[in-house]
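A short worksheet on the structure shown next.
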Amino acid sequence: MKITRRHFVKLAGIAGLVGVTDILTGCTNKTTTTQIQQNTAEAERIPPDSKAKVYFSKKIDAEHIIKLYEKINADITGRVAIKVHTGEPNAPNILPPALVQKFQSRIPDSVIVETNTLYEGARSTTKKHRKTLKINGWIFCDVDILDEDGDIAFPVSKGFYLNEVYMGSHLNHYDSLVVLTHFKGHSMAGFGGALKNIAMGCASSQHGKKQLHGLENFGDWVGESTLMELLADGGKAICDHFGKQMAFINVLQRLSIDCDCAGTGAAAPELPDIGILASNDIVAVEQASVDMIYHFPDGRKNSLIERIESRQGLRQLTAITEHKLGTPHYELIEID
């Protein structure tokens, strides 16, 4: 089956309708908001030594990304892959390449890594992908397209559905992985954070991404909670592979309800920029990012929350917690 970006969008629309149906039958906005509130209350009762450290800055610039990274980079050694979503041509909300350049230049022996897309488009082949990288300004360092030379199976220990996930073969060339993520909404996953960046973002274009969309193991498209669990399986494969040699940075700016894979068609952000979050714990940094959205003080958060909940995106958080990739309980440490 030839898969186009248009086909993806159509499927995402169907997923959204299913999500709305669930809301009408009892999975209400109030229920999931209450869940976030309960998680926050529970975290407040846990001793600080039992919490993950999440560093936060309201200022979004290279200086503060570097400051936060220096709090979490103790185990980053050897050859370093920096996973960034580089976006479709002229995508309006991607992390600014100039900002990433200043950050990347401070990490010895590092390159940006990406993979080709499953859907047909401007990044579906290495040749087209490299053209798109130039259009978007990713020209200041090497960009390693991980599946340019095929893929390799990474094992998944006690996965929800998968025993292995096929990742771009070049990922085996790196000792450490720095996950620099533009946190935003997503048409199928509800939100795209660090988990989606490493799971779908490192999976090979035809094999691994089909696994994570359910096309290989189920034979058809999956949505909602099953998709989140497949993403968690992919994330577990990556986290088990790199172990402690990982660092996670989520940048909460240009908070569109759409992913950077939507290109120029991405919805304009309604929320203002919030800041940068960084941790060695993927669960904690994702939970903190979602909490920042839910605790925003006015209704400008509503569209993004509706996007997350209509796709059962919060299942990403519970799934990676069940996979024991970290803890949702964190201490937030603000850095000026």
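Couple of notes before you dig in:
- Excluding exposed DSSP-loop GluC sites (Glu not before Pro) (at most 15 other C-beta within 10 Å), longest clean stretch of the chain: 1-215
- All Cα pairs of region 36-157, percent lying beyond 23 Å: 48 percent
- Å³ per residue enclosed by the Cα convex hull of region 132-222: 131 Å³
- Region 52-88 and region 219-295 have their alpha-carbon centroids 14 Å apart.
- A straight line joining the Cα centroids of region 99-113 and region 176-196 runs 19 Å.
- At least 20 Å along the helix axis (C-alpha) and Kyte average at least 0.5, DSSP helices within the chain: 5-24
- Per residue, the convex hull spanned by the Cα atoms of region 245-334 amounts to 114 cubic angstrom.
- Within the chain, longest stretch free of exposed trypsin sites (Lys or Arg not before Pro) [DSSP loop, at most 10 other beta carbons within 10 Å]: 159-336
- Note on region 105-153: the C-alpha convex hull projects to 4.2 nm² when averaged across all orientations.
- Debye intensity ratio I(q)/I(0), log10, the chain, q values 0.16 Å⁻¹ (C-alpha model): -1.55
- Working note: Cα atoms of region 158-294, range along each principal axis, descending, whole Å: 40, 34, 25.
No value in this document is a laboratory result; all are computed from the given coordinates. Remember, it's a predicted structure, so these values are computed and weren't measured experimentally. Glycine gets a Cβ as well: all are built from the backbone with ideal geometry, and neighbour counts include every protein chain shown.
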